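The values are calculated or read from the model by the stated rules, or taken from the named source; none is laboratory data. From a predicted model like this one, the values you see are computed outputs, not experimental measurements. Cβ sites come from the backbone with ideal geometry, for glycine too, and all protein chains shown count toward neighbours. To get the accessible areas, we keep the full protein, side chains included, count just its heavy atoms, and leave off ligands, DNA and RNA. Shrake-Rupley method; radii C 1.70, N 1.55, O 1.52, S 1.80 Å.
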Protein chains: 4
Amino acid sequence: MAGSSFGTIFRITTWGESHGPAIGAVVDGCPAGLPLSEDDFTPFMERRRPNAGPMSTARREGDRVQILSGVFEGMTTGTPISLLIQNADQHSADYSAIASVFRPGHADFGFRTKYGVRDYRGGGRSSGRETAARVAGGAIASKILREAGITIRSEVVSVGGEPFAEALPLLKKARAEGDSLGSEVLCTVHGMPAGIGDPVFGKLDAYLAEAIFSIGAVKSLDIGDGRLTASMKGSENNDPFRSENGRIITETNHCGGILGGISTGGDVILRVCFKPTPSISRPQKTVDTDGNETDIEIHGRHDPVIGPRAAVVVEAMAAITILDAMMLNMTAKLSSFRAFYGPQEH
Amino acid sequence: MAGSSFGTIFRITTWGESHGPAIGAVVDGCPAGLPLSEDDFTPFMERRRPNAGPMSTARREGDRVQILSGVFEGMTTGTPISLLIQNADQHSADYSAIASVFRPGHADFGFRTKYGVRDYRGGGRSSGRETAARVAGGAIASKILREAGITIRSEVVSVGGEPFAEALPLLKKARAEGDSLGSEVLCTVHGMPAGIGDPVFGKLDAYLAEAIFSIGAVKSLDIGDGRLTASMKGSENNDPFRSENGRIITETNHCGGILGGISTGGDVILRVCFKPTPSISRPQKTVDTDGNETDIEIHGRHDPVIGPRAAVVVEAMAAITILDAMMLNMTAKLSSFRAFYGPQEH
Amino acid sequence: MAGSSFGTIFRITTWGESHGPAIGAVVDGCPAGLPLSEDDFTPFMERRRPNAGPMSTARREGDRVQILSGVFEGMTTGTPISLLIQNADQHSADYSAIASVFRPGHADFGFRTKYGVRDYRGGGRSSGRETAARVAGGAIASKILREAGITIRSEVVSVGGEPFAEALPLLKKARAEGDSLGSEVLCTVHGMPAGIGDPVFGKLDAYLAEAIFSIGAVKSLDIGDGRLTASMKGSENNDPFRSENGRIITETNHCGGILGGISTGGDVILRVCFKPTPSISRPQKTVDTDGNETDIEIHGRHDPVIGPRAAVVVEAMAAITILDAMMLNMTAKLSSFRAFYGPQEH
Amino acid sequence: MAGSSFGTIFRITTWGESHGPAIGAVVDGCPAGLPLSEDDFTPFMERRRPNAGPMSTARREGDRVQILSGVFEGMTTGTPISLLIQNADQHSADYSAIASVFRPGHADFGFRTKYGVRDYRGGGRSSGRETAARVAGGAIASKILREAGITIRSEVVSVGGEPFAEALPLLKKARAEGDSLGSEVLCTVHGMPAGIGDPVFGKLDAYLAEAIFSIGAVKSLDIGDGRLTASMKGSENNDPFRSENGRIITETNHCGGILGGISTGGDVILRVCFKPTPSISRPQKTVDTDGNETDIEIHGRHDPVIGPRAAVVVEAMAAITILDAMMLNMTAKLSSFRAFYGPQEH
């Protein structure tokens, strides 16, 4: 599915460039009756916020989410929820030097080829700034999932190839050298019901993969044992089923909670690799929009590693995807339709 | 996008179970004017066909594709192309033993939880058999892509952790032990135009990821340097741009042909890991549909490794995805709309 | 939504030309657990069948519907249901004369302009024959709706401006003159639950209008009092609410069961006008594909009036639309989501 | 298509209630390179604005459209265009009396049944106010259509059954009696290219019908001769083709510019009937949310007739629909794909 919308029943549409007046999201298909206030977004937005530590940019992004519609007397009404986040701190001047040069590792050249024009201020639509709108949408999805006992946790597990806890020296060095580092995020969905996802194109893993790769800088995704399964035997990789307190579960979880596109009820495990931040201050070879070779040094405030702030984006996209898949699943059995509508008296 | 359809403009809908009378695909949105005959499918179907070698099942699947609509006088008409493949060799009897048992590594349990009922004959809709319909659709997409100079190549690069060329002894051993092996497929799209894909949810890599993970048994996807980028520095991972014969290209291709969701014009590189075939004849622990613990041995004809026959499925899904993304891209610039429609005289 | 598919959750995709080997439909999103056999289609297909009376063509269309997938042991499985109807009686020879001429009142010219090529045999994809596939899909939707106590009735109310019961002489005269007549169909949905439909673009009437106008030859649709409301006062047109046995209903039903896009629980009333059959044997002025002026007389077997056989098509499209809207509605309230998923124990 | 979005390639998503802080639209899929400023919206918004004449409400709606994204240096960039319109003049107090009563002719009861909760302030999401966002989107679509020489004109032709020019006395009387009147709008699309629309579910008329019936208070739609064709003969209704200056056209236009779902190149003619404004100050019988019978008198500022302000909404929806259909049409022929992409040199 192309464009700026994601989801079938629970659907988010984001808009906005990093250097326009604001960015935002329209969340359509949110069920009526959910208590929702602007405070619900705060913990999520905080996790995406730069914390001025060595892993983050020096910018401060006062990302307060305003609710413009869809909530009445503190409760969602079932109509689209329009969320707006001001771009308080734009500093357009920082970016003027790159207007006519294609930054390596960025979408600049593809963007220009596709559209003929390009909003060169800080990456425009391709900026990581866009993900703030997703995180706001994910906060709503997460709140609904908690009603079904589902929780999602997302964390950086490695930076530059080192375990996250040990990576600080590496990062300081990279920053000192005007360089950046790759990273890896692990996301776990706990409390999943079994039976979510469709057997063919609508596989839960297909849908999650679309969601995760729609986040900028993602270069790989593993589900469960992922890449390791290519070197495994069936007898090692298959998860035996067993009964526990009347519930059927898998004894191990090599599959990462999904078999044949449908959830098993085990934890869904996603492992996501992010490439190093492409904006680096070391000189790089590139060309300008006329094709002339030139050098570029990208200054300004850029995170030297993407994972720490992107972990919550992974979580948000997982939440939106799983909620939508669960909603789509409510019509899988005729008995559910019958229970919902029964025969009417007329 | 849920269900049994994939694609926005060029859209494939597949149907059929492994043990019904037939399977098939409806290909909608195929442009008019493409020469198409049943022979066009043969080379693709042959690559998916079991070759009775040590890497394949003993079944023979005479997968002749019948065209039921959408082609007139040897040419596509722009209307939906209905493709039908008979299930000649069904052997339902082989599968009766598994009717009330959940096979480890299969969708059986999720399927049963989701739908309440399950066509237990050979996996039903979740069978790899379904992918024959995708390969037929991919044959059409590939033929159109060749009009734009785009070729896709897909090959198994490793089996059970060994390079493909060296894996035969491993495979023989696994088969002798009633076991199976994982594998890895590399898919390369050559001749891509730059500028394909959308910057946000419609990223070309997001769309490809959805396509690839919709293939059964896929557990990981890497684009370009993929997982390796998590351990790289920005200065190592960024691909410098340069001019060559008036065309802007990247000097290296760590990014795998996609930056910020949009194609660079370099080769698109996909690396796909398949788990080992879950159907193995070694005894496995599991439960029956009432939750009672039991053992299962799965006999019958199953490929001991998935990659060799699935490589062409990866290629088919890549072709469908890229063609659809290219079609969606034709309206990105106002100048294209203007050139197509110009002002009419009335 | 463009193309050959209709519906979001319960989705039908049709394929096939009038003169190919077969036509068919793929019905995706049908809930699992519905008893379904080929006999379920018979009464619907019979109503679409030409009865050789004065209102119909002399062709006989043995429209037996074959189920190729999605049903196991007499029950739907939740996977796509592929339906196939053979084209037994094709008589291609009858149509050869019109290959290079644009028939007035037909899509020939638009089709040729759009696609560059055209399957000229009997209208190809634009033939009324395509609607047989919709009727088959509608039979499934109707069977599900009956589970909720919903019944749909569709009947011709006028032909050539006369009440249907009095129109026979008019029709005989038209047929004798090589001419055809328009008609009007009334469709009533009884037993509707209140609350179906969305307030903005997903209005139930918008969705029904799309469905009805997707039937060939439809030129107008009225909902409830329809066109008459343009001449009414608010005090005449508004339907007062009242309570009856604890249920809130409207005292009158000027609105035709839909207010603000959402069902009231009253009968949904659709009035559909069909233009006269465009294929007439009287000579008509037209041009050939090179633009040269010419005369055309269309012989062959054509219904002299469309409504009698199209009534069941209206009913089928109404059934598909209402079922899909009801399915989409199941996630409108958070309390429904909560009741379905509750919190899981893990 | 459900929900708050409309369109496949050129897609509008609206949000907002009449009494929230603002309403808005996100226009996705707008081609890059269109000059666009806030002034482009003014003439469209002015036509929707109440003019304080006898046909309109006394409210003043300073509907200035703010562009929040998607435009850079005066030009669209291909990214989503977020449009915001403040709700300056909300007067919530006027509506408090209706909070617990279902207004006849309104969506209140259906809304409450569907969602369980309801924003009762002035109709909330079901308010005509929502259409301001559509008109803003339609202004963009219209500007693009003019690039192809297409113009759309929409006008009220009758009010209360009288020709518009003669209806003023009728209206004054209705208003004096606390009543309202129905109306009829005629919309003409001039300069259409032939070949737009799909032959089956994606018929241009089906798509237009969905668009038009998604406007509140619409109760009927006629295309071309519409309802009249039910009383016509084929020989009267068929439009002969002829050549004129090398272009094939229809001599008459009974069909309203569409045959078999595909445009003929003639003017597209839509005739739309609006019911009388349901908000009237005369006492009406109804029930409250507990089902108790009660009387209601609706005071406040309501247009006594809908057509005059809704004509531009019809025009906007027609523009969005036709533009999207034209974009979808650009891939109908393989030759167009080939011309766009040609073979690449690599």
Drop in accessible area of at least 30 Å² in the complex versus isolated chain, residues of region A:277-295, 1.4 Å probe: A:K285, A:V287, A:G291, A:E293
Kirkwood Rh, Cα atoms: Rg over Rh of region A:120-168: 1.15
Separation in nanometres of the label points that stand 7 Å from Cα toward Cβ, at C:V157 and D:S243: 4.6 nm
Cα-Cα P(r), the protein assembly as shown, percent of pairs per 20 Å interval: 11, 40, 38, 11, 0
With Cα atoms, 0 to 90° folded angle of helix D:204-213 axis to chain D main axis: 20 degrees
Nitroxide proxy distance, nm - points 7 Å out along Cα→Cβ at D:N253 and B:Q86: 5.4 nm
Average accessible surface area per residue within the protein assembly as shown, 1.4 Å rolling probe, Å²: 30 Å²
FRET E, pair A:R338, C:S96, Förster distance 56 Å, beta-carbon r, rounded to 0.05: 0.60
Computed over region B:202-346, the ratio Rg/Rh where both radii use C-alpha atoms and Rh is Kirkwood: 1.17
Range of Cα positions in region B:275-319 per principal axis (Å), largest first: 45, 19, 15
Alpha-carbon centroids, region B:160-227 and region B:247-319: separation in whole Å: 5 Å
Longest exposed-site-free window of chain C, the sites being GluC sites (Glu not before Pro) in a DSSP loop that have at most 15 other C-beta atoms within 10 Å: C:74-176
Cα-Cα over 30 Å, subset of C:K285/D:K143; C:K173/C:K219; C:K143/C:K172: C:K285/D:K143; C:K143/C:K172
Leading residue at positive end of dipole, chain A (Cβ point charges), from A:F41, A:S127, A:G226: A:S127
Per-residue [θ]222 nm for chain B (sum of -39500 (n - 2.57) over DSSP H runs n ≥ 4, rounded to 500): -7500 deg cm²/dmol
Dimensions (Å) - region A:5-341, Cα atoms, principal axes, largest first: 65, 54, 36
Total charge dipole magnitude, region A:128-167, about the Cα centre, Cβ charges on Lys, Arg, Asp, Glu only, Debye to nearest 20: 280 debye
Hull volume in cubic angstrom per residue (convex hull over the Cα atoms of region A:84-171): 183 Å³
Pairwise burial B:C, computed as accessible area of each alone minus the pair, summed, 1.4 Å, Å²: 2800 Å²
Within the protein assembly as shown: Cβ-based charge dipole about Cα centre, in debye rounded to nearest 20 (Lys, Arg +1; Asp, Glu -1): 0 debye
Cα-derived Rg to Rh of region A:118-237, Kirkwood definition: 1.02
Rounded percent of accessible protein surface that carbon and sulfur make up, region B:5-341, 1.4 Å probe: 50 percent
